[in-house]
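Beneath this line is the structure, given in structure tokens, with notes to follow.
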Amino acid sequence: MTHLKKENSYSQYGMATKSIHAGGAPDPVTGSIMPAIHQTSTFVQSAPGEHLGYEYSRSHNPTRTRLEECLAAIESADYALATSSGMSITTLIMHMLPVGSNVICGDDVYGGTNRLFNKVFQNIHHFSFVDTTQLNLVEEIIKSKKPKLFWLETPTNPMLKISDVQKIAALCKAHDCLLCVDNTFMSPYFQRPLTLGADIVMHSITKYINGHSDVVGGCLMTNRKDLYEKLWFLQNATGPSQSPFDSWLVLRGLKTLSVRMERHAQNAQKIAEMLAKHTKIEKVYYPGLPEHPGHEIAKKQMSGFGGMITFVVKGGLTPAKQVLSKVKLFSLAESLGGVESLIEHPAIMTHASVPADQRAKLGISDGLLRISVGIEDVEDLIKDLDNALS
Ligand SMILES: *Cc1c(COP(=O)(O)O)cnc(C)c1O
């Protein structure tokens with residue numbers, strides 16, 4: 001049995017309505033307005049093979065089905081799959097490709113994606129990396145490698161480079177190559193790559209989609225039934241299905257996606273403007289600043305600039321470490337997208353798995369810090385950073 005969504009029945013509604021109502025219908029048996037947590041491994045059958053649509057929770061679970069309905073609706077997709085981590089989604093997509101496929105990947109992607117491609121799947125597929133902001137380079141590499149899949153992250157992590165999804169999708173389409181976009185940094189609230197021509201969108205649910213730093217999870221969305229069926233088969237066969245309890249927590253977190261994202265972006269804009277004027281700061285990367293090289297493309301394909309800011313502290317490692325030790329509201333931690341503000345040092349923390357020479361090439365220097373701006377009072381966050389910098 002598969003849970004195919006024949007049509008996206010929430011398509012007439014706005015994002016805030018979808019994130020609250022899709023998958024959120026009251027329980028038909030009890031009237032409970034909140035979904036039950038179907039914390040069960042198996043389901044009773046009335047006769048062999050006769051059941052109510054659920055057999056075993058690795059294959060399907062009613063709480064996870066509700067989450068998948070909501071995820072599909074907010075990404076404007078027909079199908080969604082929820083798994084136990086973002087990396088397990090990437091793994092499923094790699095398993096879906098024929099052995100020996102050429103895969104093109106952005107040169108500034110999530111550190112774990114880089115590690116998965118270079119240290120786990122490197123003997124199964126052939127990976128090439130390209131600066132996805134340079135469309136001539138993208139076209140050249142697609143023509144020469146004839147890839148089966150293009151892996152795009154925009155904005156990138158941690159440099160927040162913006163790539164033109166629509167133009168890259170057109171190049172992929174012309175050369176029979178699937179486009180998968182890692183949309184984690186924007187969430188479906190600010191960017192919907194399927195509407196720009198992508199074949200698959202994936203997220204680390206751990207970040208903005210759940211938004212409360214209490215779940216690790218991943219998801220993918222697609223309009224292509226053939227891809228959904230292959231990927232669901234692989235999820236069931238290899239086993240990284242999201243648990244009922246975590247699915248329930250994410251459904252809960254999703255209800256506030258729209259208000260959280262608005263506030264993340266408002267706070268981040270103000271903080272980025274403050275940092276850009278600060279005498280102790282060498283450079284600020286935030287797509288909402290007009291001087292950001294991707295600002296115009298960002299305005300075209302995103303409806304907000306998100307909550308992530310990267311900046312370089314003047315003087316390198318020592319003053320950067322000082323900032324990390326002096327902030328009070330920003331917690332020193334990996335991850336992002338929660339209601340609370342986080343700060344981290346990419347070269348030592350999230351991107352330590354990226355080889356040093358590649359880090360240098362990308363600009364991930366020792367003075368570089370990344371913040372995930374939370375939804376606290378922005379005046380408090382600004383004071384905290386200013387104090388740590390002085
Ligand atoms: C965190 C993250 C991932 C990996 O997701 P997990 O849930 O940690 O497995 C992938 N891509 C991006 C952009 C991320 O931030």
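What number of residues in the stretch 163-191 are aliphatic (A, V, I, L, M) and within 14 Å of the ligand (Cβ to nearest atom)?
Initial filter on the stretch 163-191 (aliphatic (A, V, I, L, M)): 165, 168-171, 174, 178-179, 181, 186.
Remaining after also requiring within 14 Å of the ligand (Cβ to nearest atom): 181, 186.
Count: 2.
Residues in the stretch 122-162 that are closer than 30 Å to Val373 by Cα and assigned to a strand (DSSP E or B): how many? Can you show your working first?
Filtering the stretch 122-162 for residues closer than 30 Å to Val373 by Cα gives 129-134, 150-162.
From what's left, assigned to a strand (DSSP E or B): 129-130, 150-153.
Qualifying residue count, the stretch 122-162: 6.
Taking only pairs six or more apart or across chains, which ones have beta-carbon atoms under 6 Å, a first residue in the stretch 123-140 that is at pLDDT 95 or above, and a second residue that is basic (Lys, Arg)?
The qualifying pairs are Ser128/Lys145; Thr133/Lys161; Leu135/Lys167.
Among the residues of the stretch 164-183, how many are buried (at least 24 other Cβ atoms within 10 Å of the Cβ) and part of a loop (DSSP other than H, G, I, E, B)? Break it down stepwise before answering.
Step one: list which residues in the stretch 164-183 are buried (at least 24 other Cβ atoms within 10 Å of the Cβ), which gives 165, 168, 179-183.
From what is left, the residues that are part of a loop (DSSP other than H, G, I, E, B) are 183.
Residues in the stretch 164-183 being buried (at least 24 other Cβ atoms within 10 Å of the Cβ) and part of a loop (DSSP other than H, G, I, E, B): 1 in total.
Taking the criterion of being surrounded by fewer than 18 Cβ atoms within 10 Å (Cβ to Cβ), of a type in the set (A, V, I, L, M), on the phi < 0 side of the Ramachandran plot and over 22 Å from the mean Cα position of the chain (by Cα), would at least one residue in the stretch 337-359 satisfy it?
For the stretch 337-359, residues surrounded by fewer than 18 Cβ atoms within 10 Å (Cβ to Cβ), of a type in the set (A, V, I, L, M), on the phi < 0 side of the Ramachandran plot and over 22 Å from the mean Cα position of the chain (by Cα): present.
Could you tell me which of the residues Gln269, Gln301 is within 21 Å of Ile74 (Cβ to Cβ) and either more than 16 Å from the ligand (Cβ to nearest atom) or among the hydrophobic types (A, V, I, L, M, F, W, C) (or both)?
On the way: Gln269 fails: within 21 Å of Ile74 (Cβ to Cβ).
Going through Gln269, Gln301 in turn, the sole match is Gln301.
Looking for something aliphatic (A, V, I, L, M), under 10 Å from the mean Cα position of the chain (by Cα) and over 20 Å from Ser247 (Cβ atoms) - is there at least one such residue anywhere in the stretch 181-198?
Residues of the stretch 181-198 that are aliphatic (A, V, I, L, M), as a first pass: 181, 186, 194, 196, 198.
Subsequent filtering for residues that are under 10 Å from the mean Cα position of the chain (by Cα) retains 181, 186.
From what is left, the residues that are over 20 Å from Ser247 (Cβ atoms) are 181, 186.
Within the stretch 181-198 (the criterion being aliphatic (A, V, I, L, M), under 10 Å from the mean Cα position of the chain (by Cα) and over 20 Å from Ser247 (Cβ atoms)), the answer is yes, since at least one residue qualifies.
Considering only the stretch 324-349, state which residues are of a type outside the set (S, T, N, Q) and not in a loop (DSSP other than H, G, I, E, B).
From the stretch 324-349, those of a type outside the set (S, T, N, Q) are 324, 326-330, 332-334, 336-340, 342-349; that's our starting set.
Of everything in the stretch 324-349, those that are of a type outside the set (S, T, N, Q) and not in a loop (DSSP other than H, G, I, E, B) turn out to be Leu324, Lys326, Leu332, Leu342, Ile343, Glu344.
Please find, among Thr195, Thr222, the residue that is assigned by TED's automatic domain parsing to the domain that holds Val103, surrounded by 23 or more Cβ atoms within 10 Å (Cβ to Cβ) and away from the ligand (no atom under 16 Å from the Cβ).
Details: Thr195 fails: surrounded by 23 or more Cβ atoms within 10 Å (Cβ to Cβ).
Testing whether each residue is assigned by TED's automatic domain parsing to the domain that holds Val103, surrounded by 23 or more Cβ atoms within 10 Å (Cβ to Cβ) and away from the ligand (no atom under 16 Å from the Cβ) leaves just Thr222.
Limited to the stretch 43-72, what total is found for residues that are surrounded by 11 or more Cβ atoms within 10 Å (Cβ to Cβ) and among the β-branched types (Val, Ile, Thr)?
So the count comes out to 2.
Looking at the stretch 75-101, which of its residues are in a strand (DSSP E or B) and either in contact with a Phe, Trp or Tyr (Cβ under 8 Å, 6 or more places away or on another chain) or at pLDDT below 95 (or both)? Quick ask: steps written out before the conclusion?
Step one: list which residues in the stretch 75-101 are in a strand (DSSP E or B), which gives 79-83.
Tyr79, Leu81, listed by residue number.
Yes or no, residue by residue, for (1) among the acidic types (Asp, Glu); (2) touching a helix residue (DSSP H, G or I) at 6+ places or on another chain (Cβ under 8 Å); (3) under 28 Å from Asn118 (Cβ atoms); (4) in the same structural domain as Phe117 (by TED's automatic domain parsing):
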site	(1), (2), (3), (4)
Ser331	no, no, no, no
Glu340	yes, no, no, no
His345	no, yes, yes, no
Gly363	no, no, yes, no
Glu376	yes, yes, no, no
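Among the residues of the stretch 313-328, how many are of a type in the set (A, V, I, L, M, F, W, C) and either within 16 Å of the ligand (Cβ to nearest atom) or surrounded by fewer than 19 Cβ atoms within 10 Å (Cβ to Cβ) (or both)?
Narrowing the stretch 313-328 to residues of a type in the set (A, V, I, L, M, F, W, C): 313, 317, 320, 323-324, 327.
The next check asks that each one be either within 16 Å of the ligand (Cβ to nearest atom) or surrounded by fewer than 19 Cβ atoms within 10 Å (Cβ to Cβ) (or both); those that pass are 317, 324.
So the answer is 2.
Is it true that Met186 is in contact with a Leu (Cβ under 6 Å, 6 or more places away or on another chain) and within 21 Å of Ile297 (Cα to Cα)?
Numbers: in contact with a Leu (Cβ under 6 Å, 6 or more places away or on another chain): no; within 21 Å of Ile297 (Cα to Cα): yes.
So Met186 does not fit the description; no.
Filter the stretch 198-219 down to residues that are more than 23 Å from Tyr286 (Cα to Cα), within 10 Å of the ligand (Cβ to nearest atom) and small (Gly, Ala, Ser), then give me how many there are.
2
The values are calculated or read from the model by the stated rules, or taken from the named source; none is laboratory data. Computed from a prediction, not measured in an experiment: that's the story for all the values here. Heads up, the Cβs are rebuilt from the backbone with ideal geometry, glycines too, and the neighbour counts pull from every protein chain shown.
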